[in-house]
Amino acid sequence: MPDANGSEPKRPIEQGDWNMAFLFPQEVAAARERNGLVLLPLAPVEWHGPHLVMGCDNLLAHAFARRLAREFQCPYFPPLFIGTERERNPNMLESLGFARDAFIEGMDFPKNSVASAYFREEVFAAVVRDALHILFARMRFRHVLIVNGHGADNQRAVLDRLCREFNAGCASRRVRWVYPGFPRSLVAGAIGHAAAEETSMLEATWPGSVDLSRLPATGKLHNVDYAIVDGETFDCVPTPDHTLREAQDPRIHFDPHWGEQQVEQAAREVIEEVKAEWLIESSAKAD
Ligand SMILES: [Zn+2]
């Protein structure tokens, strides 16, 4: 139906967005016949400092899945806003600037104004397991690529375990998981949280989701005050005063253009891996 301006509104797929929620069943079936691939983006609603929207990890996973789906002309499942965390161990607590016997789950530091939507680990595992069962056994896809936007140790462990289990059970189905937007060639140690890199990638993919004016204009950012943490601190190499390293400060090194380049480079890496490992050709039309 024409809109108020008299032009036909475009469907998401006509704009390169293969979100399964907006596809007709015949489009899903045709894509499944073509390469059997479906993407599953997931990550929780989570505190990401005062300057980033709380959907950050999921939004990055969503955008990355959308990018890959366009390349492979395959559906991506509507993003699941689920993720999990655990209590932090004494060495990590000390690195962050807390007492070694504190009880802190994930990025939910006591001074945060809103808690994160972490599901219990066993609930998270059950939901992902059922999602994989749905995609393989019920919807009959042959390859599932999970785009996991959340890097908690126990989240990664659950996904590793489920991938091994599903892959061992049947030779005709394959599942693996990847991070969105962090090229393997770039990432060596731990990834920071709500620091310059993530801030830049979020603004690059979802403009308007970053507001640096919500941070103090100057002064050091203590880990315990903002739950903005650099990768070295997660590797238990903190600064002496447990503050964010200047090199990772989003107020100084905010760069959406750089963020866009990282996401694209990471996408190219994953696309090549999927082609090589699963023998799936990309079928994106040149435009
Ligand atoms: Zn994040």
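Each stretch of four or more DSSP H residues adds -39500 (n - 2.57); spread over every residue of the chain, this sum gives -11500 deg cm²/dmol at 222 nm. Counting charges near Phe234 (Lys, Arg +1; Asp, Glu -1) among other residues having Cβ under 11 Å from its Cβ returns a value of -3.
Carbon-plus-sulfur accessible fraction, the chain (probe radius 1.4 Å, protein heavy atoms only): 54%. Comparing Trp258, Trp47, Trp18 in a Gaussian network model of the chain where C-alpha atoms under 10 Å apart are linked, the largest mean-square fluctuation is found at Trp258. Across the chain, C-alpha contacts under 8 Å between residues 6 or more apart give a mean separation that, scaled by the residue count, equals a relative contact order of 22 percent.
Between Arg86 and Glu121, the modelled labels are 0.3 nm apart [label points 7 Å from Cα along Cα→Cβ]. Most simply put, the chain has about 25% antiparallel DSSP beta bridges, counting only bridges with both residues inside it. Accessible surface calculations at 1.4 Å, restricted to protein heavy atoms, place the chain at 48 Å² per residue. Computed from Cα atoms, the angle from the helix 153-169 axis to the main principal axis of the chain rounds to 30 degrees.
The values are calculated or read from the model by the stated rules, or taken from the named source; none is laboratory data. Quick caveat: nothing in here was measured; it's all calculated off a predicted structure. FYI the Cβ positions are ideal-geometry reconstructions off the backbone, even for glycines, and counts take in every protein chain you see. Ligands, DNA and RNA are stripped out before the accessible areas are found, and what is left, the full protein with its side chains, is counted by its heavy atoms. Shrake-Rupley method; radii C 1.70, N 1.55, O 1.52, S 1.80 Å.
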